[in-house]
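Here's the structure we're looking at; comments come further down.
The values are calculated or read from the model by the stated rules, or taken from the named source; none is laboratory data. On a predicted model such as this, the values are computed, not experimentally measured, just so you know. Cβ sites come from the backbone with ideal geometry, for glycine too, and all protein chains shown count toward neighbours.
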Amino acid sequence: MTFRKLPLPFTILLLLTLIISCDHKKEEGLAERERVLTVREQEFETKEADYNQLLKMRDSLFALKDKKVLNDTLVAKTWPDSLGVQWSSKMVCRESNCSNYVIGDQRSEVWQFSSDSLGIFANVLNNDKLVRVYRADYTDNKIVMHFATDSTAKSKVKMNVVLDDVKKKVIKGTQTITGKDNCNAKFSVELTPSPKK
């Protein structure tokens with residue numbers, strides 16, 4: 001079998017057709033890879049959103065784990081009427097190995113004791129804005145409260161408050177803050193009824 005020599009213009013045309021065909025296949029391959037990558041990114045975003053929802057659900061379940069369940073109904077607790085006023089807090093740092101809390105630092109906030117079907121809480125306000133909600137237990141004239149930032153927060157903080165000197169006109173106790181790198185700061189806490197406006 002013998003091959004005839006093709007004319008030069010036809011050979012050039014054939015080579016150009018092959019090159020264009022190869023380039024077109026490369027472009028199709030790149031477009032397909034980009035499409036696959038976009039689909040994977042969308043799947044990842046969906047999984048990340050699902051993960052964040054699961055974290056929120058887990059955090060809310062942890063908040064409920066200490067509550068007593070009776071006949072599938074949460075038992076509601078309420079604060080004594082004497083605590084149903086706003087309280088002005090005065091907190092003074094007594095011990096600290098945290099860089100952002102210095103011994104002698106003073107802080108003041110307004111505290112409101114509240115309750116709902118999930119239990120009892122203490123809302124903490126600063127300049128009339130809610131800054132924190134403590135989960136609370138009240139037994140034998142002693143108030144124990146807990147607060148922790150959720151799992152998505154950049155700066156993790158845990159706060160525990162024990163108010164073990166509860167009187168009608170003054171409530172005293174201690175607040176312990178655990179911050180970055182497990183540093184601890186302890187504040188004395190004194191609550192007095194806020195002046196009525």
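Overview of results
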read-out	value
Failed item, numbered, when residue 131 is tested on (1) of a type outside the set (Gly, Ala, Ser); (2) in contact (Cβ under 8 Å) with a residue 40 or more places away in the chain; (3) within 30 Å of residue 51 (Cα to Cα)	(2)
Unique residue being over 16 Å from residue 107 (Cβ atoms) and assigned to a strand (DSSP E or B) when the list is 164, 150, 181	164
Enumeration of residues in the stretch 115-125 that are at pLDDT 90 or above and over 15 Å from residue 161 (Cβ atoms)	125
Selection status of residue 34, within 25 Å of the chain's Cα centre (by Cα) and either modelled with pLDDT of 75 or more or in the same structural domain as residue 169 (by TED's automatic domain parsing) (or both)	no
Residue that is over 21 Å from residue 77 (Cβ atoms) and in a strand (DSSP E or B), where the choices are 115, 108	108
Qualifying residue in the stretch 92-102 (condition: within 24 Å of residue 168 (Cβ to Cβ), modelled with pLDDT of 75 or more and aromatic (Phe, Trp, Tyr))	no
The stretch 156-184 residues that are of a type in the set (A, V, I, L, M, F, W, C), paired with ones that are assigned to a loop (DSSP other than H, G, I, E, B) (beta carbon under 6 Å, 6 or more apart)	157/149; 157/179; 166/141; 183/97; 183/98
Selection within the stretch 150-187 - among the hydroxyl-bearing types (Ser, Thr, Tyr) and surrounded by 14 or more Cβ atoms within 10 Å (Cβ to Cβ)	174, 176, 178
Selection within the stretch 101-125 - touching a strand residue (DSSP E or B) at 6+ places or on another chain (Cβ under 8 Å), more than 13 Å from residue 191 (Cα to Cα) and of a type outside the set (A, V, I, L, M, F, W, C)	101, 104, 105, 106, 114, 115, 117, 119, 123
Residue under evaluation residue 132, criteria (1) surrounded by 13 or more Cβ atoms within 10 Å (Cβ to Cβ); (2) not in a strand (DSSP E or B), criterion not met	(2)
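Table: residues versus (1) assigned to a strand (DSSP E or B); (2) at pLDDT below 75; (3) surrounded by 12 or more Cβ atoms within 10 Å (Cβ to Cβ); (4) small (Gly, Ala, Ser).
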| position | (1), (2), (3), (4) |
| --- | --- |
| 42 | no, no, no, no |
| 45 | no, no, no, no |
| 54 | no, no, no, no |
| 59 | no, yes, yes, no |
| 66 | no, yes, no, no |
| 78 | no, no, yes, no |
| 82 | no, no, yes, yes |
| 88 | yes, no, yes, yes |
